[in-house]
1. When you have a sec, figure out the Kirkwood radius of the chain from all distinct Cα pair distances and drop it here in Å to one decimal?
2. Modelling each spin label as a point 7 Å along the Cα-to-Cβ direction, I'd like the residue 177/residue 284 distance in nm, to one decimal.
3. Points 7 angstrom from Cα along the Cβ direction at residue 121 and residue 67: gap in nanometres?
4. State the volume of the convex hull built on the alpha-carbon positions of region 303-354, expressed per residue in Å³ and rounded to an integer.
5. Say a paramagnetic label sat at a point 7 Å from the Cα of residue 12, along Cα to Cβ; which residues of region 293-312 have their backbone N under 18 Å from it?
6. Taking every DSSP beta bridge that has both residues in the chain, what percent is antiparallel when rounded to the nearest 5?
7. Which entries in 183/356; 21/370; 21/315 show an alpha-carbon gap greater than 21 Å?
8. What does the charge dipole of the chain about its Cα centre add up to, to the nearest 20 debye, if the Cβ of each Lys and Arg holds +1 and the Cβ of each Asp and Glu holds -1?
Amino acid sequence: MELHITSGRPLRGRTRVPGDKSISHRALLLGALADGVTRVRGWLPATDCQATLRCVQVLGAEVSPLAEPAGIAPASRASSADLLVQGRGLRGLREPTEYLNCGGSGTTARLLAGILAGQSFFSILDGNEQLRRRPMGRVADPLRWMGATILGRESGRLLPLAIQGGDLEGVDYTLPVASAQVKSAVLLAGLYAQASVIVREPGPARDHTERMLTAMGADLTRAGNVVALAPRTSVLMPLDITVPGDPSSAAFLLVAASLVPGSEVVVENVGINPTRAGLLETLEAMGARVEILDQWEAGGEPVGDLRACAGEGLKAVEVAGPLIPRLIDELPILAVAATQASGVTVVRDAEELRVKETDRIATVAGELRKMGAEIEERPDGFAVAGPVRLRGAVVESHNDHRLAMALAVAGLLAEGETVIRGTECIADSFPGFEAVLESLRD
Ligand code: S3P
């Protein structure tokens, strides 16, 4: 599929974005382990979350639509679903008779690895070609130290992984990188450990797993960047979860509205968890007119309506250190914003970008350069000089949803037409992106 974008029309109006991807994965995985029925409203039926759905079903958890006869629509046809997850309890999952196909979803593979490490059965995790290239040693290593047997390609560092779980020991683990997926894998395995599990983070990675586990009755405490999970003494209670809009999806609309002259957009019902709010803070520091209109709490997460208006012109910023994990998925769209900011925007300490769906330092720089951006690739990030007038070009998604959407926003600013090739991947996180964008340009 291709997306054709031309500049010229401002973005105006109120809209919503589909549910948070990270929370949607966790609602299914934790729902499957709960003792009873979990209700999930506003679940994201994106390709990535559908992979998690298939996996929990293969592991024996029944998932059904919550009073919605149409069933769970494929990613391309819906932007939200309400589900019931019949929890199997911590010890109730069944040995799969087929391999667990995580598609292209790193969150599915890494969080499931944590759960499977605690099961007294054998399972195989696999994914598509893209996911098979992504590092799994970061989860396999701590899980092995806890007592699981995990084999895989390249000494157990790449999918497919064969996992024989069982009785686990506690661990005091310092994360080598700020990764919510690794932190979550260790905590989920910790549900099966005989002693406490302690995870030390170098920086604040998203904390949805901790929030959900606490709400389910787990004995979890946090002191600074240290999370401790005590051994389980009781069942996990099921939750009634309303998934907020995904801030990583809202990011594309907010940046577009900040940059396209004459725009004013309100994105309603967006998650504003501080561990995800790095882009909002950075846009503010750049002089963008973004604000939280109203905020409340839903399902243990802070949520708000966000407004962005086109302003006078942005200024360059430096983004580094503990801010990076708080906007890691927003760096492709931040690069687009940086092309319009005066001065040199520098992103450092973001080498993790190299192991996302693509090497996002290389792909973002390579594709934006085709549109005339002055962007220099660095080992741990990039430097963007601005402002420049982008020009329309034929660009490639490299099968990376966030790159595809960032390029679409760049297209809104470019002279002439921009053609983005390979846009089916957008459904990995934001089914309906094109329609939402169009609805704001009327
Ligand atoms: C995610 C964590 C992040 C993020 C990914 C979703 C999660 O990955 O990039 O899109 O849901 O836990 P890392 O944990 O690898 O940083």
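None of the figures in this text is laboratory data; all of them are computed from the coordinates on show. What you see is a predicted model, and the numbers here were worked out from it, not measured in a lab. Counting neighbours? That spans all protein chains shown, and the Cβs are built from the backbone with ideal geometry, glycine included.
1. One over the average 1/r among Cα pairs gives 21.9 Å for the chain.
2. Modelled inter-label distance: 2.9 nm.
3. Simple spin-label model gives 3.3 nm for this pair.
4. In region 303-354, the Cα convex hull volume per residue is 98 Å³.
5. It comes to 307-312, nothing else.
6. 70
7. Flagged as over cut-off: 21/370; 21/315.
8. So the dipole magnitude of the chain works out to roughly 380 debye.
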